[in-house]
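Q: Before we start, here is the structure in question, set down as structure tokens.
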Amino acid sequence: MQTRKKYIFLTFLASWLLLFSFGGDQLRRFAFFSARKGEARKIWPRWTDRSLLRSFADPEELQSDGDPSLPSPRARRAARLNVYKNSRCRMETCFDFSRCEKNGFKVFTYPREKDQPLSESYDKILTSIERSRYYTPNPEEACLFILSIDTLDRDHLSGQYVRNVDEKIRGFSLWNGGRNHLIFNLYSGTWPNYTEDLGFDIGQALLAKASFYTENFRPGFDVSIPLFPKDHPQRGGERGWLSQDSIPPRKKYLLVFKGKRYLTGIGSGTRNALHHIHNGRDIISLTTCKHGKDWQKHKDTRCDKDNVDYEKFDYQELLHNSTFCIVPRGRRLGSFRFLEALQAACIPVLLSDGWELPFAEAIDWGKAAVVGNEKLLLQIPSAVRCLHPERVLAFQQQTQFLWDAYFSSVDKIVHTTLEIIKDRLLPHRSRSRFLWNALPGGLLVLPDFSTHPGDFPFYYLQQGSSPSEKFTALIRAVSPSGSLSQTILRLIQAVSASQYCAQILVLWSCEKPPPPRGRWPQTTVPLTIIQDRRK
């Protein structure tokens, strides 16, 4: 027994001697054996493998905590709570429906103050409302109120920033904590964080805002609108660029981008990475850092080459000849190139995580745009290449419809905003998403007539229905003199001769009463005369 114990002891001792002789150096590197255990944990990980990381990033960059100018999640949350103190507002809790029951959906704009200048864009918004069928000059009839204070640009570094808004709106007797008020905004926050701080308490007001974060957006209450330039037309607007001879849908370039690159601050990460997908053939991704006052102070090793390549292509030529257009976020989530791409029938590829898309409550953007992820930029080229030509053509056609129907003028943007709010007042009479996303669009298919697609002749083909065999003719006759035109008489006789005419309604507008029954032509169908004394 003693001999066995002796052999076991010698074997154990020999094993430890061998372990320390050949592996002691490795054991001493463990933090467990080090007196500097706390320091070793503090500096972990140490990015020192330069042979692997040299072409992607510097070790100092990887050990840093990111751009110090970017707000932390706690700071963003605090800023959000400061702006949206009534973040739980919904139509049922922060809107007085009783104001809309007697006179319907009427909108009142506050009287404009002579000493308070307005930006060109805000003047267009107010003009659109005052010339619309929604407008009322009487605040007692109003369902919705619009401030005369310009709230579009809330960047306090801007020359159009209006100060002391809180003090001004508190002096309005109609303000009522913002209830039943609609505030328009295009730019919020300022350098470096560009939060959604408007600089005043919006109370219980609805917010029609560009570059809306989804986490701040109050569904069914706020409205996300597009960012549009100051020279955006008041009325009408240019038509889309898609023409009949542009089939097949594939163009010279598959995917393009040309725009600014931010070297630091929020929004710089996405645009700084766009050069990775540039191949110089069918994918053109050009950026320039030559903008701003201090661009040379912050320029990197790519700036000079990027600036030279940037001048080789014309932006309008790229729009005309590309199938897809990258729409990345800038300092804020939205950008002008979103509307530019829609007009050009260049399918937008959105790289703006967290953006509540314009009028998404009504518009199905899945039929007109590709929504990408900023972190998956390298997958975008292969994703758009996989789309079938028929689907690409359908996307292009939808961009043209949306542009013409809702975005080509300030009037259409404002009226779409108001119609979306109006639909919330009577949900059972609101337009379906089908009506919003099919020709001729929600602004022309009014729920006052019908909300059923089968009642509109332009939906017969899509609904698989056919029109009735008979029609009702409505003829409006305007005659200041009170005498009946022979042209109108012949028109009535010609229409009544049709075998498909069921009845004729004549709307007679004049100061004098309509002519006696004997003066009207005899027809084979019922003839109804309706007098309208309104000029």
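Q: Keeping every protein chain in place, order ILE8, ILE529, ILE347 by accessible area at 1.4 Å, biggest value first, i.e. largest first. Mind dumping the intermediate values first?
A: Numbers: ILE8 105, ILE529 55, ILE347 0 Å².
Sorted by accessible area, descending: ILE8, ILE529, ILE347.
Q: Using 0.36 nm per residue, how much length does the chain from ARG476 to LEU444 gain when fully extended, once their Cα-Cα distance is taken away?
A: Details: separation 32, 0.36 × 32 = 11.52 nm, distance 2.03 nm.
Separation in residues times 0.36 nm, less the Cα-Cα distance, equals 9.5 nm.
Q: Now, a different point. Can you tell me how the stretch 87-224 classifies by the Cα gyration tensor, rounded, prolate or oblate, using a/c under 1.5 as the rounded cut?
A: On the way: a/c = 1.77, a/b = 1.25, b/c = 1.41.
Here the stretch 87-224 falls in the oblate category.
Q: How far apart, in nanometres, would the label points at PHE9 and THR214 be if each is projected 7 angstrom from Cα along the Cα-to-Cβ direction?
A: Distance between label points: 7.2 nm.
Q: Another question, if that's okay. With a 1.4 Å probe and all protein chains kept in place, how much accessible area does PHE172 have, in Å² rounded to the nearest 10?
A: 40 Å²
Q: In the full protein assembly as shown, how much of THR127 is accessible to a 1.4 Å probe, in Å² to the nearest 10?
A: So the heavy atoms of THR127 present about 30 Å² to solvent.
Q: Classify the stretch 410-483: rounded, prolate or oblate, from the alpha-carbon gyration tensor (a ≥ b ≥ c, eigenvalue square roots; a/c under 1.5 rounded; otherwise prolate if a/b is larger than b/c)? Walk me through the intermediate numbers first.
A: Details: a/c = 2.29, a/b = 1.24, b/c = 1.84.
Cα axes put the stretch 410-483 in the oblate bin.
Q: Still on this structure: Under a 1.4 angstrom probe, counting protein chains only, how are LEU446, LEU489 ranked by accessible area, largest first? Display every interim value, and only then the final one.
A: Working: LEU446 55, LEU489 25 Å².
Accessible-area ranking of LEU446, LEU489, largest first: LEU446, LEU489.
Q: Same structure again: From largest accessible area down, sort LYS305, LYS422, LYS299; use a 1.4 Å probe on the protein chains.
A: Details: LYS305 135, LYS422 50, LYS299 85 Å².
If we order LYS305, LYS422, LYS299 from most to least accessible, we get LYS305, LYS299, LYS422.
Q: Residues with beta-carbon under 9 Å from that of CYS289, excluding CYS289: net charge, scoring Lys, Arg +1 and Asp, Glu -1? All intermediate terms of the calculation are to be shown ahead of the outcome.
A: Numbers: positive: LYS260, ARG261, LYS290, LYS299, ARG302; negative: ASP300, ASP306.
Taking every other residue near CYS289 into account, the sum is +3.
Q: Could I ask something else about it? In the neighborhood of LYS230, defined by Cβ-to-Cβ distances under 14 Å, what is the net charge if each Lys or Arg adds +1 and each Asp or Glu adds -1? It would help to have the intermediate numbers written out before the result.
A: Details: positive: LYS124; negative: GLU120, ASP123, ASP150, ASP153, ASP231.
That sum, taken over residues with Cβ under 14 Å, equals -4.
Q: On the full set of protein chains, 1.4 Å probe, figure out the accessible area of HIS452 and give it in Å² to the nearest 10.
A: In the full protein context, HIS452 sits at about 100 Å².
Q: Now for a separate question. Taking loop as defined by DSSP and a crowding limit of 16 other beta carbons within 10 Å, which GluC sites (Glu not before Pro) in the stretch 109-164 fit?
A: Values: sites: GLU113, GLU120, GLU130, GLU140, GLU141; in loops: GLU113.
Here the sparse-neighbourhood loop sites are GLU113.
The values are calculated or read from the model by the stated rules, or taken from the named source; none is laboratory data. What you see is a predicted model; the values in this text were computed from it and never measured. No Cβ is skipped: glycine too gets one built from the backbone with ideal geometry, and neighbour counts run over all protein chains shown. These area figures cover heavy atoms from the full protein model, side chains too; ligands, DNA and RNA do not enter into them. Shrake-Rupley method; radii C 1.70, N 1.55, O 1.52, S 1.80 Å.
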